[in-house]
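The values are calculated or read from the model by the stated rules, or taken from the named source; none is laboratory data. Since we're looking at a predicted model, the values are computed, not measured. So basically every Cβ, Gly included, is an ideal-geometry build from the backbone, and we count neighbours across all protein chains shown.
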Amino acid sequence: MEKFDLLEKMEAYQIDLLIYIINNGGSATKKELLTHLKIGDYLLSKLLENLMTHAKNSNNGFSIDVIKHTVRFQTKPEYSIHTLFNKLITHAPKYQILKKLLLCGTIDPIPLCEKIGISHSTYFRKINELNNLLKEFDLSIQNGYLLGSELQIRFFYISLLLITDLKQPLKIHDIDPRIYDTVNKIQTILGSPLSFLSKRKLIIYLSLLKRRNAQKGISDYSDQLPFFSNKTGYHNQKRFIRILKTSTLFRKIDKVLTSFLVYYSFKMLPNETILLILFLLGEEIIPTHSYCLKELDIIEKKSNLFILTLNNEFLDFMELAYPDTRLTKRHRSMLNYHLSSIAYRHLIFKGHINYYWESHLSSHEENHRFTIIYAFIDYMKKKYPTLFENESDTRFLILKYVYILNLYEEWIKAKVTVGVFIEGNLLFKKQFTKWWINYAELTTFAQAEPLVTDKPYDLVISNIDWPTLKKQGRHFFFITNYNENMDKIDLAELLYKIYSSHC
């Protein structure tokens, strides 16, 4: 689903017009806009008139100026096109219907139509449009209720609220302090600070959990086990859930979640803790340095979860695509973390709401990466066809793998090794050795250290011209003084020259 899909036609035209102007450097001719939008003069005038009204109401956040045949769009630094985008979405009928379902659990069409100013026929047309969008999430609106798996319903609403203004639908300032307290307790369990986005996701999740319990909208979902939307490796998924229930992570999360629900006198359903842990895994909330990852790794191996197979397939493919390359232990660990997060997201959830519009600019390097990932996906489709049943999820998976490939290529780039040897009194020696190491590493491709005797380097930096030092490096840089500006310029050029010869 695209963020655009929630807008009405006129509003979609307005945002499309602004995006075109942004991509064009801030201005465009009327002729260019007419051609791009494929509309007539009258409609373009109405769009510009509406945008000017929005500009007046934006507290000077942005301006639209028409000078003869040219349209200019300018924003303040603190204002984004997404501010207007979100405002238009939250007033759109489709969003209003989804919001009513969220807040009340069901819809009575008569008062809702009166409130948002649409006819009954328009309402039912919007329900049909929403159901076409919700198919991607394996959800549907029937008889005034949102139907689907419980985890998918929560995931969809979290996705929706993250791409619109969080303050409006959830009134963030009025959120129960107990929710914040529960988020902090989960952070303590995970043993590492959560990012702002992770905390935001958890706040929405717990707010939804509280609201859906209050609405008595949660039916028994035990038949939805093992709660993975993609059933590739189904029996191993069930084994994974069984072993997960015996883990320390489960026991600690279960205690916190039980306390949260009991406080409101809500019934704790048998698999509620499992849903929360799967949410943590699928939404990349568990931090990279969390000790829980070691326990999860053991559980994945014991259950032979398909995520391991998927990760190994990707790593094997990378070795074929990039022969004779090797990652450091730290980079290997980070790669495994990101690959597991991507795999969990793909296997647990269905659907994705794209926050950004598609970029019209693509570099040669990006095209090259997409070619590699398309080849990997084609290979995997033949071997594991059930993994790619949802076209939208496959597109999102490809994009994620391209990001990973970008990291992978960065990590396998050859580093220029630099040894620094400064002679002088002890105070100056320590101070300026550290200074030149830091300066060399300002370039992302240099790896510098105090010179180790008999260790070979690509470059040796020193303030003394000793033959033995020169022998340790393929290149030698004799500094004029401790930090002369000319030395800095010359060294930067030499480092780049050495690096270029490596690539």
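Taking residue 298 as the residue in question, decide whether it is surrounded by fewer than 15 Cβ atoms within 10 Å (Cβ to Cβ), aliphatic (A, V, I, L, M) and outside the structural domain of residue 389 (by TED's automatic domain parsing). It is true that residue 298 is surrounded by fewer than 15 Cβ atoms within 10 Å (Cβ to Cβ), aliphatic (A, V, I, L, M) and outside the structural domain of residue 389 (by TED's automatic domain parsing).
Residues of segment 361-371 include none that is touching a residue at least 60 places away in the same chain (Cβ under 8 Å), surrounded by fewer than 17 Cβ atoms within 10 Å (Cβ to Cβ) and polar (S, T, N, Q). Does segment 387-408 contain at least one residue that is among the polar types (S, T, N, Q), farther than 26 Å from residue 495 by Cα and touching a residue at least 40 places away in the same chain (Cβ under 8 Å)? Yes; the residues of segment 387-408 include at least one that is among the polar types (S, T, N, Q), farther than 26 Å from residue 495 by Cα and touching a residue at least 40 places away in the same chain (Cβ under 8 Å). One residue alone among 54, 69 is under 32 Å from the mean Cα position of the chain (by Cα) and either surrounded by 14 or more Cβ atoms within 10 Å (Cβ to Cβ) or without any contact (Cβ under 8 Å) to a residue 60 or more places away in the chain (or both), and that residue is 54. Is there a residue being among the charged types (D, E, K, R) and part of a strand (DSSP E or B) anywhere in segment 59-66? Yes - at least one qualifying residue is present in segment 59-66.
Among residues of segment 373-386 that are within 14 Å of residue 232 (Cβ to Cβ), those with a Cβ under 9 angstrom from a residue that is of a type in the set (Asp, Glu) and assigned to a helix (DSSP H, G or I), sequence gap 6+ or separate chain, pair up as 380/313; 383/313; 384/313. Listed by first and then second residue, the pairs linking a residue in segment 322-345 that is in a helix (DSSP H, G or I) to a residue that is exposed (fewer than 14 other Cβ atoms within 10 Å of the Cβ) and polar (S, T, N, Q), with Cβ atoms under 8 Å apart and 6 or more places separating them unless they lie on different chains, are 334/288; 337/288.
Scanning segment 63-83 for residues that are closer than 11 Å to residue 18 by Cα and hydrophobic (A, V, I, L, M, F, W, C) turns up 64, 71, 73, 81. Scanning segment 1-42 for residues that are among the polar types (S, T, N, Q), in a helix (DSSP H, G or I) and loosely packed, with under 15 Cβ neighbours inside 10 Å turns up 23, 35. The set of residues in segment 207-218 being polar (S, T, N, Q) and either free of Cβ contacts under 8 Å to residues at least 24 places away in the same chain or surrounded by 20 or more Cβ atoms within 10 Å (Cβ to Cβ) (or both) consists of 207 alone.
In this structure, residue 417 does not satisfy being touching a residue at least 40 places away in the same chain (Cβ under 8 Å) and exposed (fewer than 13 other Cβ atoms within 10 Å of the Cβ). Across segment 124-156, the qualifying residues are those that are among the polar types (S, T, N, Q) and surrounded by 15 or more Cβ atoms within 10 Å (Cβ to Cβ), and the one among them that is farthest from the chain's Cα centre (by Cα) is 140. Across segment 102-121, a minimum of one residue is classified as outside any helix (DSSP H, G or I), more than 27 Å from residue 217 (Cα to Cα) and either of a type outside the set (A, V, I, L, M, F, W, C) or within 33 Å of the chain's Cα centre (by Cα) (or both). Among helices (runs of 4 or more DSSP H) entirely within segment 137-192, having at least 1 residues that are at pLDDT below 95 and more than 23 Å from residue 282 (Cβ to Cβ) singles out 167-170, 177-190. When you look at residue 121, is it in contact with a His (Cβ under 7 Å, 6 or more places away or on another chain) and surrounded by fewer than 18 Cβ atoms within 10 Å (Cβ to Cβ), yes or no? When the stated conditions are applied, residue 121 does not pass them.
Entry remark, segment 230-240: residues being out of contact with any helix residue (DSSP H, G or I) (no Cβ under 6 Å at 6 or more places or on another chain) and either in contact (Cβ under 8 Å) with a residue 12 or more places away in the chain or hydroxyl-bearing (Ser, Thr, Tyr) (or both) number 4 in total. Pairs meeting the criteria (first residue in segment 448-460 and within 11 Å of residue 420 (Cβ to Cβ), second residue of a type in the set (Asp, Glu) and surrounded by 12 or more Cβ atoms within 10 Å (Cβ to Cβ), beta carbons under 7 Å, at least 6 apart or on different chains) are 448/441. Yes or no: segment 229-238 includes at least one residue that is part of a helix (DSSP H, G or I), buried (at least 17 other Cβ atoms within 10 Å of the Cβ) and out of contact with any His (no Cβ under 7 Å at 6 or more places or on another chain). Within segment 229-238, one or more residues are part of a helix (DSSP H, G or I), buried (at least 17 other Cβ atoms within 10 Å of the Cβ) and out of contact with any His (no Cβ under 7 Å at 6 or more places or on another chain). Scan segment 323-353 for residues that are touching a Phe, Trp or Tyr at 6+ places or on another chain (Cβ under 8 Å), under 16 Å from residue 403 (Cα atoms) and surrounded by fewer than 17 Cβ atoms within 10 Å (Cβ to Cβ) and jot them down. Listed by number, the list holds a single entry, 331.
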